[in-house]
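These notes are about the structure you will find just below.
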Amino acid sequence: MLRAIIIDDEPRGRSILQQLLALHAPQLNIVGIASNADEGLQIIDTHKPDIVFLDVEMPGKSGFELLRELNTIDFKVVFVSAHNHYSLKAIKFHAFDYLLKPIDLDELKQTIEKLLRSSQAHTHNQFTELLTASRTGNTDLGKIAISSLSSIDLINVDDILYCEASANNTLVYLTNNKKIVATKNLKEYEDLLLSHRFFRIHHAYLVNLKHVARYIKGEGGSVILSNQKELEVSRRKKQEFLNALQN
């Protein structure tokens, strides 16, 4: 059984998460609950958790400041926050996962499934990156952590050709002909990759503009990527896309 800790300054937030985990994650044993960062540090030191559900904004010290005080991070961090600001989303590149309050049960179940199936090797690499980013303030390492049901892959952003919507998942196509079935929806990857010159050309496609080799004119038209893959551009997105290509 995995040992878990909840650190959240809101009593209701702590209570709801504890109840949801008790109902839907019997494999997790909640060994400690803290209402602030200092209490959290003590509980982490005492219980040596496998997983920490960590609120971001707390009085006194934030969740990020808590992490900076640790010499090593040998547990998985799932950030939990009511805020969906881009700077916080960027932390998803380095944390195991990020849950937005109010917590969606399906998203929590996906997180739990990933927690149970992830390997220790991936965990170690993931949190070496997290510790570095936390201490330097650099949350953009040119990589993104893409979570599937069986693993977390740290991928160079420039190696992503395009992303395709697939129900609640996203198919991520890479330059090495590899495809990852990611457990986040396309909108989340659109938000995360916006600053890396990705563009949503269609409700189903998010493309890396660095890999657009050609545009074929038409009502909406289509693009040819560097791997010769052709994708449709929606009529509604056409002009905005052409403007983005020229910037």
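FYI, it's all coordinate maths here, none of it is from the lab. Note that this is a predicted model, so its numbers are computed, not measured. Every residue, glycine among them, receives a Cβ derived from its backbone with ideal geometry; neighbour counts consider all protein chains shown.
Structure values in brief
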quantity: Using θ = phi - 60° and Karplus 6.51 cos²θ - 1.76 cosθ + 1.60, couplings along region 45-54 (whole Hz; Gly, Pro as x); calculated: 5, 6, 9, 6, x, 8, 9, 10, 8, 10
quantity: In sequence order, calculated HN-Hα J values of region 185-200 (Karplus, 6.51, -1.76, 1.60; Hz; x Gly/Pro); calculated: 7, 5, 4, 5, 6, 4, 5, 5, 9, 4, 7, 9, 6, 9, 9, 7
quantity: Relative contact order, percent, the chain [alpha-carbon distance under 8 Å, six or more residues apart]; calculated: 11
quantity: Reachable aspartates and glutamates from LYS229, criterion Cα separation under 14 angstrom, eight or more residues apart if same chain; calculated: GLU164
quantity: Restraint check, LYS61/LYS210; LYS48/LYS178; LYS143/LYS187; LYS114/LYS179; LYS109/LYS237, Cα-Cα greater than 30 Å; calculated: LYS61/LYS210; LYS48/LYS178; LYS109/LYS237
quantity: Helix-only mean residue ellipticity at 222 nm for the chain, each DSSP H run of n ≥ 4 adding -39500 (n - 2.57), per residue, nearest 500; calculated: -10000 deg cm²/dmol
quantity: Positive-end extreme of charge dipole, the chain - chosen from ILE6, GLY40, LEU171 (charges on Cβ); calculated: LEU171
quantity: Antiparallel bridge percentage (DSSP; both residues within the chain; nearest 5); calculated: 60
quantity: Value of Rg/Rh across the chain [Cα atoms, Kirkwood radius]; calculated: 1.02
quantity: Low-density loop positions, GluC sites (Glu not before Pro), region 213-247 - DSSP coil, at most 10 other Cβ in 10 Å; calculated: GLU219
quantity: Around ARG14: net Lys/Arg minus Asp/Glu count, Cβ-Cβ under 13 Å; calculated: -3
quantity: Interchain or long-range residues, amide H under 5 Å from MET58's placed H; calculated: GLY63
